[in-house]
Amino acid sequence: QVQLVESGGGLVQAGASLRLSCVASGDTWNVYYMAWFRRPPGSELQFVGGITRKGIITDGPDSVKGRFTVSRDNAKNTVWLQMNNLQPADTAFYYCASASIIDDPRREDEYDYWGQGTQVTVSS
């Protein structure tokens, strides 16, 4: 079992930055891939970025490229999502997910464990 706990969400104005954190505990030896997803109001879950244990990153959609960066510290069992120049369209509940094996990181059904999520709200 792996437990994932996200933090760092909040209410910010457009143009601001936030850094989300996700700390894994439990059977972390089995965590190969960690990713961030988000669910905007009334929309489906969306992949926004992920990273392997060795630091290989899979970028999210064009809407976040150049603004969102995923990073990871294996020693701390932590993955971060640095979000810059936030826009109202980034308003969503953000989730951390982990997988022991990954084929297509953009597919939510590839993940074994999910955190409870953290809300990010961006005002205009």
**Request:** Work out, step by step, the length gained on full extension between residue 82 and residue 116: first 0.36 nm times the residue separation, then minus their alpha carbon distance; give nm to one decimal.
**Result:** 10.4 nm
**Fill in**
Relative contact order in percent for the chain (Cα pairs under 8 Å, 6+ apart) equals 36 percent
**Asked** Rounded to a whole number, what % of the accessible area of the stretch 32-124 do carbon and sulfur atoms account for, probe 1.4 Å?
**Response** 45 percent
**Item:** For residue 122, net neighbour charge (Lys/Arg +1, Asp/Glu -1) across residues whose Cβ lies under 15 Å away
**Value:** +3
**Asked** Binned at 5 Å from 0, what are the whole-percent values of the Cα-Cα distance distribution for the stretch 8-124, short to long?
**Response** 2, 12, 25, 26, 19, 10, 5, 1, 0
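Fully extended, how many nm does the chain gain between residue 57 and residue 19 (0.36 nm per residue separation, minus their Cα-Cα distance)?
Numbers: separation 38, 0.36 × 38 = 13.68 nm, distance 1.70 nm.
Here the answer is 12.0 nm.
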**Asked** So what is the relative contact order of the stretch 16-68, in percent, for Cα pairs below 8 Å that sit 6 or more residues apart?
**Response** 24 percent
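Taking the Cβ of residue 30 as the center, what net charge do the other residues with Cβ under 14 Å away carry, scoring Lys and Arg +1 and Asp and Glu -1?
Details: positive: 53; negative: 27, 112.
Taking every other residue near residue 30 into account, the sum is -1.
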**Message:** Between the stretch 1-35 and the stretch 42-71, what is the separation of their alpha carbon centroids in Å?
**Reply:** 12 Å
**Request:** For residue 109 and residue 89, compute 0.36 nm times the residue count separating them, minus their Cα-Cα distance, and round to one decimal in nm.
**Result:** 4.8 nm
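The values are calculated or read from the model by the stated rules, or taken from the named source; none is laboratory data. If you're wondering where the values come from, they're calculated on a predicted model, not measured in any experiment. Here Cβ is always computed from backbone atoms with ideal geometry, including for glycine, and neighbour counts include all displayed protein chains. Please note that ligands, DNA and RNA were not included when accessible areas were found on the heavy atoms of the full protein model with its side chains. Shrake-Rupley method; radii C 1.70, N 1.55, O 1.52, S 1.80 Å.
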